[in-house]
Structures are given as structure tokens and as C-alpha cells.
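Contents: one structure, followed by commentary.
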Amino acid sequence: MEFIERSSEPAYLSENKKQWTKHWVDHYRENKNVNGKLLKERKPSDSHWLHDLIRKVLINDFKNNCGYCGSIRPTPISEEARVPRGHVDHYRAKAKYPELTYEWTNYIWSCESCNVEKGEFDDLEYPILNPCELSDCGIVEFIIDTGAYCIKNMCQAHKLRFKNTEEKTMINANVINVKRKNRVKFIISNFETINTLMPFSNDNESINELIKENIKNILNSLEDQEFYFLIQKNYLDLRDKHIDVAKLIDDNCS
């Protein structure tokens, strides 16, 4: 899970969230019997969080990536298409925190699989990790050889939060781990190949062509937005490690 910096709250949400939230709070906080059980009346059916003035800002923040597993969820090409290819997940469940139903910081752009798996799960003491919280993302690290995430230490609270995250999202689903591993290893191999070839590139047309091909591969990888935040982080790390390669890439882009 990679850190995602959320932009400012959309004005459309700020202007309306108070009135929108009231129905949800009234239903879940007030609509109970003498024993505290929720009365079986219809809950609010509004879903203003799907309005383009809210949803598209979230999609742009997350670069179409699921905040939990990193899979890309492309936006329909047609402006009239109303079926989103991803979900606006309420990080804290609406049923337990109705006052957060229209809270901007409670929205996570999510793939269908992660959102369905998570459902209404909400552990007050050990919630799943939040990709928009830098401290939460600092709990885990990416393992290149497996493509999976693991916790950095064995703190009991971290273990339980990571366990809930693994069980309630697709963060470490095997098929996603393989895709992540292959994407990261591909960009690493291109950097390393260029670094190996550069000392022999003077006046050698065939080697220079190979270098150009590897640079093209790197740039194409950056254009493909799947696992965007993971790829960007590894790309910057590789630039720091291979400074001459980074300069060569910049020269080819200018």
C-alpha cells in the first residue's frame, strides 16, 4: 500500500454535506428502539458521493488506482456512461459512522473486489490501513521478489491491523502480487541494462540503440498508470541509485 495525498475537499461537497449527512445520522443514531436496535425502516438511498464533481476529483487523486491493492480502474470514455469502473469506498463504515458519510477524508477510490470484500467491516481498535495516512503506509513495505506487502515490525497493533487489511482487501492477492512484481522488476531491469551498456556506448550504434530501447521501455512504464504510486516511488529510487542513467533519460526527454 502506497501513500496517496488527497487534494482539497471539492466545493460541491463542502457546500452540501451538512444537509446530506443529516438523513444518515438520523437513521443510524436516532432510528432505534428502546433496546438500542436499529428499526427496520428504509435507510437513506442518496449517494451524492458518486457525483462527478466529487468522484472525478477522487479518481484523479488516486490516478485511477485502487487505494488498497493498486489495481487500475479506468474511467469510461463516454461522459454519459454512468457505471463507474471503481467504487467510492467509505473507509469508516456508514452504518457505524453515519456522520462521516459525506466526509471527504473518509473516501477511498477502490476496485470492486476490495470494496466488496471489505463490505461493512470496521474494527474500531484495529482498522484496516488507510492509504491516505502516511503513518499507516509506513507500517508496511513492498517486497520486490514476491510483489507482496509485509509489515515492518512485529508490533501487536500493527500485526492486527495488517491482518485485517490482508483479510478484508486484495492487497496481497496472488494475481496482483505477480503483476506488481513483474512491473517493478521490469523497470529495474531496464535501468540496470542501461547502466551496464553505458560504458561501451561511445560510437557504438547497436549499443546506443539498445540503450534507447530500454529508455523507451522505462518511459512507457511511467505512462501506464497501474500501480502508479509504487512505480513512481521505485523510479525515483532508481534515479538516485543510477544518476548517470537518470541524466541520460532526461536528455532523451528534452
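The values are calculated or read from the model by the stated rules, or taken from the named source; none is laboratory data. This one's a predicted model, so the numbers in the text were calculated from it and none came from an experiment. Note: ideal-geometry Cβ built from the backbone for every residue, glycine included; neighbour counts use all protein chains shown.
Things worth noting here:
- Residue tally, condition in a helix (DSSP H, G or I), within 22 Å of A95 (Cβ to Cβ) and within 13 Å of the chain's Cα centre (by Cα), over the range 42-76: 1
- Scanning the range 106-119 for residues being among the acidic types (D, E) and closer than 19 Å to L160 by Cβ gives a total of 1.
- Scanning the range 107-145 for residues that are part of a helix (DSSP H, G or I), crowded, with 17+ Cβ neighbours inside 10 Å and outside the structural domain of K17 (by TED's automatic domain parsing) yields D136, C137.
- Scanning the range 1-19 for residues that are part of a helix (DSSP H, G or I) and either surrounded by fewer than 17 Cβ atoms within 10 Å (Cβ to Cβ) or touching a Ser or Thr at 6+ places or on another chain (Cβ under 6 Å) (or both) gives A11, Y12, S14, E15, N16, K18, Q19.
- Scanning the range 220-233 for residues that are at pLDDT below 95 and aliphatic (A, V, I, L, M) yields one hit, L222.
- Set P127, P131, P98: member being under 21 Å from H48 (Cα atoms), out of contact with any Pro (no Cβ under 7 Å at 6 or more places or on another chain) and not charged (D, E, K, R): P98
- Taking the criterion of being among the hydrophobic types (A, V, I, L, M, F, W, C) and either surrounded by 14 or more Cβ atoms within 10 Å (Cβ to Cβ) or assigned to a helix (DSSP H, G or I) (or both), the residues of the range 152-169 that qualify are A157, L160, F162.
- Complete set of residues in the range 223-254 that are under 25 Å from N64 (Cα atoms), without any contact (Cβ under 8 Å) to a residue 24 or more places away in the chain and not charged (D, E, K, R): Q232, L236
- Test result for D136, under 30 Å from L53 (Cα atoms) and in contact (Cβ under 8 Å) with a residue 40 or more places away in the chain: yes
- Residue in the range 200-218 that is at pLDDT below 95 and under 19 Å from S71 (Cα atoms) present: no
- If you go through the range 219-254 and keep only what is charged (D, E, K, R) and part of a loop (DSSP other than H, G, I, E, B), you end up with D224, E226.
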